[in-house]
Structure formats: C-alpha cells, structure tokens
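No lab work stands behind these numbers, since they all come straight from the coordinates. Here the structure is a predicted model, which is why all the values come from computation and not from measurement. Every residue, glycine as well, gets a Cβ built from its backbone with ideal geometry; the counts of neighbours run over all protein chains shown.
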Amino acid sequence: MALAADALIALVALLHLWFLVLEMVLWTRPIGLKVFRNSPEKAQVTKVLAANQGLYNGFLAAGLAWGLVAGSLPFKIFFLSCVLVAGVYGAWTVSRRILWVQAAPAALALALLLASG
C-alpha cells in the first residue's frame, strides 16, 4: 500500500507541475483559455494573478517531490494536506471541478499514505 500511496503522491506532484505550466505559460493560449473557460480579454487581465497561482502550485509539487525523495512521512502529510485544503477552497470559491481534479487525488493519496503507516 505504501508503493500505491507514493505513486499517487507522484501523480499529484505531476498534476501540480501541469497546473504551473497552465497558469504560468499557457494561461492566454488556446489550451489555457479552454481549460479555465476564459475569454482572451479576461485571461490577459488576470495573467499576472494566474502566474502567481502557478508559482504556488510549483511549490506544492516541489514539496511533494521532496517528501518522496527524502522518504519523509511528515513532508508527505503536510504537502498533501496543503493540496487538499487548496482544492477544497478552490472548489468552494471557483469551480466544483477543482474538487475532483485537485482535492480528490490528494485525499486519496493521503488516505493511502495514512493507511500504509
């Protein structure tokens, strides 16, 4: 079960690297507009805010990767909890889709991690 937890943690980290790319690089491009359901005008006005969000997602990915490389249970728990809280807040304030894309994988990884404990 520990291997499954680590695999899911790696997936969550990769998802957050993808979010970084979407928010920092692709925000105003067709794929970014489609994923975030933005108009080109709104994307242009909000691109600095999106880049800031992307940077935070990169920090989450780095923390999860660090936890995996170091084999640190506290780091894994902390960063998965951060992702889970951010996902729940995003689902509450922005879009329910965030619950499934961000919070659910983190919750599942956290549950597997704690169960393998």
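Couple of notes before you dig in:
- Gyration tensor over alpha-carbon atoms, the range 2-116, equivalent ellipsoid semi-axes in Å: 27, 14, 11
- Eligible lysines near Lys34 by straight Cα distance, threshold 25 Å, same-chain separation 8 or greater: Lys42, Lys47
- Label separation (Val25 vs Trp100): 2.7 nm, computed from points 7 Å beyond Cα along the C-beta direction.
- A simple spin-label model places pseudo-atoms 7 Å from Cα toward Cβ; at Ala62 and Thr46 they are separated by 2.5 nm.
- Extension gain for the segment Val85 to Val69, taken as residue separation times 0.36 nm less the Cα-Cα distance, is 3.5 nm to one decimal.
- Using the Cβ-Cβ distance between Leu114 and Leu55 with R0 = 35 Å, the FRET efficiency computed as 1/(1 + (r/R0)^6) comes to roughly 0.75.
- Long hydrophobic helices in the chain, taken as whole DSSP H segments with a C-alpha length of 20 Å or more on their own axis and mean Kyte-Doolittle hydropathy at least -0.5: 2-24, 40-70, 73-93.
- Taking the chain and dividing mean pair separation by its residue count, relative contact order in percent (alpha carbons under 8 Å, at least six apart): 35
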